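Note sheet for the following structure.
The values are calculated or read from the model by the stated rules, or taken from the named source; none is laboratory data. Values in this document were obtained by computation on a predicted structure and should not be read as measured data. Here the Cβ positions follow ideal geometry from the backbone for every residue, glycine too, while neighbour counts run over all protein chains shown.
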Amino acid sequence: MRVRNWIAVVVSLLLLAAAGGVAIVVNRSTLNAADTVHRADSTELGTNNAILTGQLQLLSVQELAQVLAERPLTLAKNAAADRAVLVAAAAKSSTFQYGMLLTDLEGHVLNASRATGLPATDNAGWAAMRKQFAAGQKYGFSSVMTVDGVALAAVGVPILTSGSPVGFLIGLNQVVATSLQHYLEQLSNPSHRADVIDSTGRIAASSVRARVGAPADTGLVAELRGDGTRLVEYDSGDVTMVSIVAGLPSGYSYVRTQTKSSFYGAVHSRSQTVNYTLIAMLLIGVVGISVLGYRTQMQRRRADERFQALFQHAPDIVTVIDREGRMIFTSPGSSAILGFEHSLLNGHSVFELVHPEDQPTMRARLESLLADSTGVLRLQCRVRAASGDYRWFDFTASNQLANPALNGVVINARDVSENRAFQERLAHEAQHDALTGLPNRRRMQNALSSSLRRDPVAVLFVDLDGFKPVNDRFGHEAGDELLRQVAERLSGCIRSGDVLARVGGDEFVVLMPGTFGPDEAAAMSHRVRTVVEMPFPIAGHYVDIGASVGVHLAAPAEDPDAALRAADHAMYEIKRSGGGRALTRMMQRIGRHRAPE
């Protein structure tokens, strides 16, 4: 019997050792796979953040292009008119409030919105911008330049005459106060930092404000060359760092950096814990497998029952709360999803994490669940992460107070923020024009109906004159581009409370709620015709079109469809009279022949 028992023990130990060895090998393979997925996810995240960063930079280029489109420049040395344009544009700008300047093709300043604090012509920071312009790019970004202790960056666009550059319009921003810097500060995270670094290795924006204008790590600068997104490792002193580096259209680079230990720490720590657990199991088996076999089997069975009862409804996070809503258990997945250490949440009320607007509904539903011993409820609410941001979760809660293994309410939570965002995006697309991004006819009609319940509304029906010849000559893509430019110009004309919508091929509608008299509507009609009659750069050419604008002043409670038809009819009357350009010429003749007051 003893020999038989020892044989059973030896066989059990061998099986346990074999199982432990296989588990360690599998755990190692899983760790490698997890590392691969982690690197891929981190690289994808870096790419997405780089795309947003690049779009923020290109918005500043569009702002400069808008200045050139709206106001002509003489490019004469110290011309008062040019300086007035620069001063006004800088004061209006949210990006280039530091200043704007005009230069010739060699970089010599022709005019500026400010007299001091400008980078010298021979400043090395201009080299990157000049290189981009020499390569034929339609915009250029300088490196970070320091003037009187202030870190600056410049963005420039060429000024074209007959398709050839004759000078440059340049905007200067104080890098520590840009929207890009504000965006990176919003991405601030204790575990890593995000930087935007120029081509010379100086930091143009950072989630750590104190780093702005300082040089980047020497080991990182050599990795800033090239396009695309890549993961690199380098040494900073005695610490190995991991960075996600993504090239930007401006020639800058988006860089997300953290220590190698923190980058791989969570995954490796769990793997190491699993290995230690396996070794401990082997040692315990060697000492007491024959004595504790039955007890271990019973404990394992109870543990399996507890695990199954606890996680049978768990999509991502599982939490057990008592009758008062205090958390008595939170699954480890909450650390990765919400950023809280799961053990620190125990003892706190679950309502501390729920958005204040969602708390009344959740409390009421929880009270109903407590009254039903077999009840299950589902709801969606917002939950606060460690960063302070709220994210949408889908909750499934079941009453397990009668289950002695749990003795609480089990909440299974799944992050559905992306699904919610997708649904909201679909709702937005259903009411907006895909080409121009403006509200569509349906959204406009809803806005008109809502406004007419309480206020008068001036309805302007705009139809483009000469759009079809442009479409026929240059093609549909050029026609689409022309519509986008028209939408952009019209958006700059309307007041803050007005509504601009695209309701057809080349038809737009402007709603002016609260307009009682014809003067405001006439002024808006004049502005619309003026901006549309300015030349449009299309397919390498400047094209001229016009606009016929029909105006109808709708009284409160007037039928919305009737108001829209009246404006449409007024527009067609103008069309039959020769279109918007004929009306403009007639008004100019009236202005010239009007008797002096």
Next on the checklist: If I filter the range 129-138 down to residues being more than 21 Å from Ala177 (Cβ to Cβ), of a type outside the set (Lys, Arg) and in contact (Cβ under 8 Å) with a residue 12 or more places away in the chain, which single residue comes out as surrounded by the fewest Cβ atoms within 10 Å (Cβ to Cβ)?
Outcome noted: Phe133
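Could you list all residues from the range 140-187 that are part of a loop (DSSP other than H, G, I, E, B) and crowded, with 21+ Cβ neighbours inside 10 Å?
Once the filter is applied, which keeps residues that are part of a loop (DSSP other than H, G, I, E, B) and crowded, with 21+ Cβ neighbours inside 10 Å, the range 140-187 yields Ser142, Ser143, Val144, Thr178.
Yes/no matrix, rows are residues, columns are (1) at pLDDT 90 or above; (2) in contact with a strand residue (DSSP E or B) (Cβ under 6 Å, 6 or more places away or on another chain); (3) in a helix (DSSP H, G or I):
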position	(1), (2), (3)
Ala88	yes, no, yes
Thr95	no, yes, no
Met100	yes, yes, no
Gly107	no, no, no
Gly117	no, yes, no
Lys131	yes, no, yes
Checklist entry - Looking only at residues in the range 187-206 that are out of contact with any Phe, Trp or Tyr (no Cβ under 9 Å at 6 or more places or on another chain) and not charged (D, E, K, R), which one is modelled with the lowest pLDDT? => result Leu187
Checklist entry - Among the residues of the range 370-406, how many are assigned to a loop (DSSP other than H, G, I, E, B) and touching a residue at least 40 places away in the same chain (Cβ under 8 Å)? => result 7
Next on the checklist: Return the residues of the range 490-514 that are closer than 14 Å to Leu460 by Cβ, outside any strand (DSSP E or B) and touching a helix residue (DSSP H, G or I) at 6+ places or on another chain (Cβ under 6 Å); say none if nothing qualifies.
Outcome noted: Cys493, Val503
Checklist outcome for this item: Within the range 141-171, residues within 17 Å of Tyr542 (Cβ to Cβ), touching a strand residue (DSSP E or B) at 6+ places or on another chain (Cβ under 7 Å) and in contact (Cβ under 8 Å) with a residue 60 or more places away in the chain come out as Val157, Ile159, Pro165, Val166
Checklist entry - So, in the range 349-372, of the ones that are over 23 Å from Ala386 (Cα atoms) and either charged (D, E, K, R) or not assigned by TED's automatic domain parsing to the domain that holds Leu401 (or both), which residue ends up surrounded by the most Cβ atoms within 10 Å (Cβ to Cβ)? => result Arg365
Item to check | Matching residues, the range 515-543, being closer than 18 Å to Lys575 by Cβ and either assigned to a strand (DSSP E or B) or touching a Gly at 6+ places or on another chain (Cβ under 7 Å) (or both) | outcome: Arg529, Val532, Glu533
Checklist entry - Would you pick out the residues in the range 241-266 that are crowded, with 18+ Cβ neighbours inside 10 Å, in contact (Cβ under 8 Å) with a residue 60 or more places away in the chain and aliphatic (A, V, I, L, M)? => result Ile244, Val245, Ala246, Leu248, Val255
